[in-house]
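We did not get these values from a lab; they are worked out from the coordinates using the rules stated. Everything numeric in this text was worked out from a predicted model, so none of it was measured. Heads up, the Cβs are rebuilt from the backbone with ideal geometry, glycines too, and the neighbour counts pull from every protein chain shown.
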Amino acid sequence: MIETLVTHAPILIIAAPLLVAFILPLIDKVSKKGRNILVLCAVVFTLVLVIILYQDVIENGMRIYTLGGENAHVALPSGYHVPVRITLVIDALSIFMVLISSLISFVGLLYSFAHVKGEGTGKFYTLFLLMLVGMLGMEMTGDLFNLFVFLEILSISSAALISFYIRKGQPIEASIKFIIISSLAALFVLFATGLLYGEYNLLNMGALANEINSQTGGLTLLSQLAFILLLASFALKAGSAPMHMWLPDSYGEAPGAISMFLVAGTQASLYALLRVCFTIYNTAIDASIIGGLLIILGLVSIFIGVTMALIQIDIKRLIGYAAVAEVGYIFLAVGVGFFELAQGELSAYGLKALQGGIFHIFNDVLDIGLLFLVTGAVIYMTKETNLNKLGGLARSMKYSSFFFLIGLVAVAGLPPLNGFASKILIYEAIYKVSPLLSIIAILASIFMLAIFVKIFYSVFMGPKLSSLSDISEAPKLMLASMAILSGIMIFFGLFPGYIVDNLVTPAVNALVDNFTYITTIMGGI
Amino acid sequence: MIYNLPFYAVIIIIAIGLYVIAFKRNLIKIAMGITIIQSGVNLFLITLGYRKDGLAPIYTHLPSQTSIPEGMVLPVPQALTLTSIVIGVAVLALILSFIMALYREYGTLDTYKMRRLKE
């Protein structure tokens with residue numbers, strides 16, 4: 001029984017939310033309560049399956065699920081083998097990302113039960129589940145074209161969710177920016193997929209990696225062009241600096257839990273970027289140049305994120321810019337790791353940089369997500385987003401302000417919370433490459449502390465404002481979801497060694513070791 | 001040489017689409033730009049799938065004297081194009097409905113006049 005479940009878990013993880021998403025509008029007509037229970041069941045079912053699959057993948061290694069057949073390969077009469085079937089490939093890195101997405105979806109759903117009220121709520125949950133499907137699919141697929149399809153599912157449902165409340169039109173402005181930019185990025189992913197198909201007649205990522213890495217005499221111009229297109233599109237979707245302009249807008253205008261969910265969505269694109277860089281191309285591309293490029297992107301993101309956050313007066317846009325800076329840290333760490341990969345054997349600090357980067361992916365979602373949840377609650381209670389018109393809320397919203405304080409400490413990278421655990425790994429590793437880099441990274445963290453102390457002071461501290469005198473504490477479900485996130489963050493902060501050894505290191509090994517990925521997919525041919 | 005013509009067309013179409021998105025201020029025109037790029041990418045995929053003297057992989061429609069798999073093409077690019085067209089329609093519908101809602105709120109389609117987010 002459990003063995004069958006584990007075997008079919010990959011497709012069930014995608015299929016269960018997809019099915020529920022489309023029967024939800026029907027249930028919505030019958031019973032509102034039934035609808036909520038059904039959504040919760042779908043998300044919890046996914047989360048449980050993910051945890052079961054997680055244990056299996058850590059113990060037994062990579063898992064490949066082929067749709068519509070025993071084996072992904074089809075042998076022609078001439079003896080030519082090629083993996084043509086659609087596959088889901090789950091290694092330690094994908095299951096790490098899937099774990100993040102499904103956990104965040106669970107927390108976001110609890111929050112939304114309290115946050116989203118009124119007409120059209122059924123559609124909200126349909127889109128919510130579709131967004132979850134897009135993310136999970138991107139993180140599990142073993143084939144470039146399906147990556148594009150899931151990327152589009154993710155973009156379309158996120159765009160619709162950002163402008164779920166129209167208000168005075170600003171959310172639609174953010175949405176249209178988001179959808180134009182994401183569909184452009186997705187089209188270039190498709191174009192690059194076409195280029196690679198024309199070059200190698202393959203779409204399967206493992207088989208492509210095999211062809212690209214076994215090529216002698218360097219890559220052709222077309223494969224290099226495809227790499228650049230994929231890199232640019234996924235960096236854009238991940239919200240790295242020169243292409244970050246859509247990110248604060250959409251984070252700032254989306255409803256509470258969706259801002260947090262969008263962070264997980266950008267991490268899915270980041271995962272796709274890692275797959276393209278480390279698994280498909282690896283050392284076939286000039287890793288020192290690309291690593292350097294990623295480092296520069298990271299530094300620019302950190303710089304722009306922090307400086308633009310300083311001057312914002314809209315509380316959610318401010319956190320949006322802080323999110324850009326956090327993505328910058330991940331790019332910095334990954335860039336150092338990729339740079340080190342070019343020297344052949346991965347050195348100790350290259351490994352450490354990657355550990356820091358991968359760990360920071362999780363921490364980024366948790367920290368920024370918690371801050372978005374708290375500000376979402378503040379906006380829900382006060383209907384006010386301007387920092388200058390808020391104040392003294394700690395008197396009426398005790399628990400929320402406590403959770404904000406936790407998020408603040410974590411995002412600024414102070415011990416004993418999780419932000420410190422991953423940032424210290426990044427500082428240490430990039431110090432070896434250049435001390436200047438780690439000075440900039442630490443300075444940016446200090447700025448981040450200053451910015452968030454400013455928000456904390458102006459929103460929660462000070463005398464009670466007369467305009468905000470009748471504010472009460474946020475609803476219980478909102479507090480519960482914040483408490484779950486804070487609990488995880490404190491646990492990560494107190495036992496970072498345990499997390500790095502058991503959660504992060506398998507993911508890093510799966511990321512670096514593309515040989516195992518290729519041989520498992522090619523299956524001894 | 002003549003066989004490369006569709007690829008030049010792809011490059012020109014995508015360039016026109018990018019130009020429209022980058023330099024036009026009207027949102028409807030930007031939506032058109034996205035569609036033009038979509039068509040360019042679809043044309044690219046279809047062109048990739050073309051094989052001279054290839055046969056469509058439908059067993060019942062084969063010419064009578066051919067031995068079975070000989071000359072049949074693997075219809076992957078065509079399948080990709082169909083999927084991409086369907087996705088393209090969904091994206092276009094979403095963009096157009098956003099444009100309608102935006103026009104209702106702002107009374108303009110000029111991107112330079114949409115600055116409520118920046119205030």
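A few points about this structure:
- Net charge over other residues, Cβ less than 11 angstrom from the Cβ of A:A185 (K, R count +1; D, E count -1): 0
- Based on C-alpha pairs under 8 angstrom that are at least 6 apart in sequence, the stretch A:286-494 has a relative contact order of 25 percent.
- Cα-only Debye scattering, chain B: base-10 log of I(q)/I(0) at q = 0.20, 0.24 Å⁻¹: -1.10, -1.28
- Legend: ranking of residues A:D470, A:D314, A:D91, A:D501 from fewest to most surrounding C-beta atoms inside 10 Å; resulting order A:D470, A:D501, A:D314, A:D91.
- With the charge dipole of the protein assembly as shown set up from +1 on Lys and Arg Cβ and -1 on Asp and Glu Cβ about the Cα centre, the Cα lying farthest toward the positive end among the listed residues A:Q343, A:L103, A:V6 is that of A:L103.
- In terms of Cα atoms, the Rg and Dmax of the stretch A:36-156 work out to 17.2, 62 Å.
- Distance between modelled label sites at B:I16 and A:C41, nm, 7 Å Cα→Cβ extension: 5.3
- For the stretch A:127-197: rounded, prolate or oblate by the Cα gyration tensor [a/c cutoff 1.5]: oblate
- Residue-by-residue Karplus 3J(HN,Hα) for the stretch A:48-64, coefficients 6.51, -1.76, 1.60, Hz, glycine and proline x: 5, 4, 4, 5, 4, 5, 4, 4, 5, 5, 5, 6, 9, x, 4, 10, 10
- Between A:I86 and A:L67, the built amide H atoms are under 5 Å apart, and every one of these is 5 or more places off in sequence or on another chain.
- Cβ-based exposure ranking for A:H81, B:H61, in which fewest neighbours within 10 Å come first: B:H61, A:H81
- Using a cutoff of 8 angstrom between alpha carbon atoms and counting only pairs six or more residues apart, the relative contact order for the stretch A:59-214 works out to 20 percent.
- Estimated at 0.36 nm per residue, the fully extended path between A:K29 and A:L222 surpasses their Cα-Cα distance by 64.3 nm.
- Number of partner chain Cβ atoms within 10 Å, mean per residue of A:143-155: 2
- Each of A:K423, A:K352, B:K113 was scored by other Cβ atoms within 10 Å of its Cβ. Arranged with the fewest first, they read B:K113, A:K352, A:K423.
- Gyration tensor (alpha-carbon) shape descriptor, the stretch A:244-327, a/c threshold 1.5: oblate
- Per-residue mean of foreign Cβ neighbours for A:164-174 is 5 (Cβ atoms of other chains, 10 Å radius).
- With coordinates expressed along the principal axes, the C-alpha atoms belonging to the stretch A:286-494 extend over 63, 33, 22 Å, beginning with the largest.
- Inter-chain neighbour count for B:48-55: the average number of beta-carbon atoms from partner chains within 10 Å of each residue's beta-carbon is 1.
- For chain B, a simple Cβ point-charge model (Lys and Arg +1, Asp and Glu -1, everything else neutral) yields a dipole of about 620 debye relative to the Cα centre.
- Mean Cβ neighbour count within 10 Å, used as a protection proxy, ranking A:292-302, A:112-122 highest first: A:292-302, A:112-122
- Evaluated at q = 0.12 Å⁻¹: base-10 log I(q)/I(0), Debye formula over Cα of the protein assembly as shown: -1.33
- Proximity of backbone amide H atoms, modeled 1.01 Å from N, is registered between A:H73 and no other residue at under 5 Å, excluding neighbours fewer than 5 places apart on the same chain.
- Unit charges at the beta carbon, dipole of the stretch A:286-494: most positive-side option, A:I484, A:S396, A:I426: A:S396
- Spatial separation of Cα centroids for the stretch A:367-405 and the stretch A:113-170, in angstrom: 25
- In a simple Cβ point-charge model (Lys, Arg +1; Asp, Glu -1; nothing else charged), the stretch A:286-494 has a dipole of about 680 debye relative to its Cα centre.
- Under Karplus coefficients 6.51, -1.76 and 1.60, residue-wise ³J(HN,Hα) of the stretch A:403-411 in Hz, glycine/proline x: 5, 4, 4, 4, x, 4, 4, 5, 6
- Theoretical gain in end-to-end length, A:K454 to A:I11 [0.36 nm per residue, Cα-Cα removed]: 154.9 nm
- Distance in nm between pseudo-label sites at A:I58 and B:F23 (7 Å out along the Cβ direction from Cα): 5.6
- Two-site label geometry, A:S472 and B:V73: point separation in nm, points 7 Å out along Cα→Cβ: 6.8
- Sequence-separation-based contact order of chain A, relative, with Cα cut under 8 Å and 6+ spacing, percent: 15
- Neighbour net charge for A:L222 - beta-carbon separation under 15 angstrom, K R +1, D E -1: -2
- For the stretch A:140-147, Karplus couplings with θ = phi - 60° (6.51, -1.76, 1.60), whole Hz, Gly/Pro x: 10, 5, x, 8, 5, 5, 5, 4
- Rg/Rh for the stretch A:401-525 stands at 1.15; both radii use Cα atoms, and Rh follows the Kirkwood definition.
- Put simply, the amide H of B:M72, placed in the peptide plane, has neighbours under 5 Å in B:L55, leaving out anything fewer than 5 places away on its chain.
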